[in-house]
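Notes for the one structure printed next.
The values are calculated or read from the model by the stated rules, or taken from the named source; none is laboratory data. Just so we're clear, the structure is a prediction, and the values are computed from it rather than from any experiment. Glycine gets a Cβ as well: all are built from the backbone with ideal geometry, and neighbour counts include every protein chain shown.
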Ligand code: PBG
């Protein structure tokens, strides 16, 4: 009996109501985190390599926060485009309590207190060389010096009102240092989402345009970001970040690393997030523009893939569009 024709797996697929009934995963706007770029410049600066995504002034980024709240998106991820003249070797603008990032946090939390604000902890939007940390004469990114500065940066962001600090730098030991500093400063409920398994990827190009670091970057980030060849190492990274106090972990980029997401989820049973990064967004937009696929279908299918792999949520530039599709 347990074979054709008694068994026909197409039976439950035959009608839309039935497909809905047996769906193993669903997408809701609560699965989305919307990355937003902030600028000191014009109200809206379109980003050529990221069609449909702009940098926003403080006023307009608050409008985006209201839009997100209305769409049911629970959390925003903020990235600043620091003016060129404020970028230095040591990225000290990252520690300025009135920097663009901190002003954006305060403006959003004042206007839309119920939306989560996640902030990027790394120095690349603030350094003149485009690296996430402090470089020595040989161009090597120094781990311990950088981790101390990142700890200060996370504190500055928490004091400005950040709900989740997200170190994206891949320095060793920084999650534990940040957790201790947050505890000592009274920010016991500020979460840490660790960019735990972040790969040295070719998919970050448009992001570097968005934060203005592409032209500045000297060399690559392979001495701190992970080698795309490695998976077991990702599990070690995640284990350490969790031991050090991370509340959730991220895998980045997203779609090319679904295997990592699944393995992390199976091994640790903690909240796992994926960052569907700028190059992935651009690829979908380019495919749709070339007539190679339906944009809405590509967006929803890739987001569902993250849920199926075990993600609690996805950072995606398609967040508002996807939330609208989910509501339709
Ligand atoms: C750097 C950082 C990067 C991204 C988020 N934080 C780029 C990099 O590591 O060079 C990429 C996000 C994206 O491509 O959308 N701290």
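Report, by residue number, each residue of segment 160-169 that is touching a helix residue (DSSP H, G or I) at 6+ places or on another chain (Cβ under 7 Å) and assigned to a strand (DSSP E or B). So that I can check it myself, show each step before the final result.
We begin by selecting, within segment 160-169, every residue touching a helix residue (DSSP H, G or I) at 6+ places or on another chain (Cβ under 7 Å); these are 160-162, 165, 167, 169.
165, 167, listed by residue number.
In this structure, is residue 170 buried (at least 24 other Cβ atoms within 10 Å of the Cβ), in contact (Cβ under 8 Å) with a residue 24 or more places away in the chain and at positive phi?
Details: buried (at least 24 other Cβ atoms within 10 Å of the Cβ): yes; in contact (Cβ under 8 Å) with a residue 24 or more places away in the chain: yes; at positive phi: yes.
Judged against the criteria, residue 170 is a match.
Take residue 150 and tell me if it is buried (at least 17 other Cβ atoms within 10 Å of the Cβ) and more than 29 Å from residue 230 (Cα to Cα).
No.
What number of residues in segment 178-209 are more than 16 Å from the ligand (Cβ to nearest atom) and either part of a strand (DSSP E or B) or at positive phi (or both)? Let's see the steps before the verdict.
Of segment 178-209, the ones more than 16 Å from the ligand (Cβ to nearest atom) are 179-191.
Still in the list and also either part of a strand (DSSP E or B) or at positive phi (or both): 186, 191.
Selection size over segment 178-209: 2.
Which of (1) surrounded by fewer than 20 Cβ atoms within 10 Å (Cβ to Cβ); (2) in contact (Cβ under 8 Å) with a residue 60 or more places away in the chain; (3) within 18 Å of residue 32 (Cβ to Cβ) is the odd one out, the single condition residue 63 does not satisfy?
In the conditions (1) surrounded by fewer than 20 Cβ atoms within 10 Å (Cβ to Cβ); (2) in contact (Cβ under 8 Å) with a residue 60 or more places away in the chain; (3) within 18 Å of residue 32 (Cβ to Cβ), residue 63 misses (2) alone.
Let's see how each residue does on (1) away from the ligand (no atom under 13 Å from the Cβ); (2) at pLDDT 95 or above; (3) more than 16 Å from the chain's Cα centre (by Cα):
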| site | (1), (2), (3) |
| --- | --- |
| 239 | yes, yes, yes |
| 263 | yes, yes, yes |
| 267 | yes, yes, yes |
| 274 | no, yes, no |
| 280 | no, yes, no |
| 283 | no, yes, yes |
| 288 | yes, yes, yes |
| 291 | yes, yes, yes |
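Residue under question is residue 182, and the condition is that it be more than 16 Å from the chain's Cα centre (by Cα) and surrounded by fewer than 20 Cβ atoms within 10 Å (Cβ to Cβ); does it hold?
Spelling it out, it is not the case that residue 182 is more than 16 Å from the chain's Cα centre (by Cα) and surrounded by fewer than 20 Cβ atoms within 10 Å (Cβ to Cβ).
Could you say which residue among 219, 212 is assigned to a loop (DSSP other than H, G, I, E, B), within 13 Å of the ligand (Cβ to nearest atom) and more than 14 Å from residue 125 (Cα to Cα)?
Residue meeting the stated conditions: 219.
Looking at segment 121-159, which of its residues are free of Cβ contacts under 8 Å to residues at least 60 places away in the same chain, within 10 Å of the ligand (Cβ to nearest atom), assigned to a loop (DSSP other than H, G, I, E, B) and in contact with a strand residue (DSSP E or B) (Cβ under 8 Å, 6 or more places away or on another chain)?
122
Quick check on residue 300: is it away from the ligand (no atom under 16 Å from the Cβ), touching a residue at least 40 places away in the same chain (Cβ under 8 Å), more than 26 Å from residue 234 (Cβ to Cβ) and surrounded by fewer than 23 Cβ atoms within 10 Å (Cβ to Cβ)?
So residue 300 fits the description; yes.
Can you pull out the residues in segment 315-328 that are within 14 Å of the ligand (Cβ to nearest atom) and farther than 17 Å from residue 78 by Cβ?
Of everything in segment 315-328, just one residue is within 14 Å of the ligand (Cβ to nearest atom) and farther than 17 Å from residue 78 by Cβ, namely 318.
Output the number of the condition that residue 93 fails; it satisfies all remaining conditions of (1) in contact (Cβ under 8 Å) with a residue 24 or more places away in the chain; (2) closer than 21 Å to residue 68 by Cβ; (3) within 22 Å of the chain's Cα centre (by Cα).
Unmet for residue 93, out of (1) in contact (Cβ under 8 Å) with a residue 24 or more places away in the chain; (2) closer than 21 Å to residue 68 by Cβ; (3) within 22 Å of the chain's Cα centre (by Cα): (2).
Run down 86, 78 and say which single residue is touching a helix residue (DSSP H, G or I) at 6+ places or on another chain (Cβ under 9 Å), without any contact (Cβ under 8 Å) to a residue 60 or more places away in the chain and within 15 Å of the ligand (Cβ to nearest atom).
After ruling out the rest, the residue left standing is 78.
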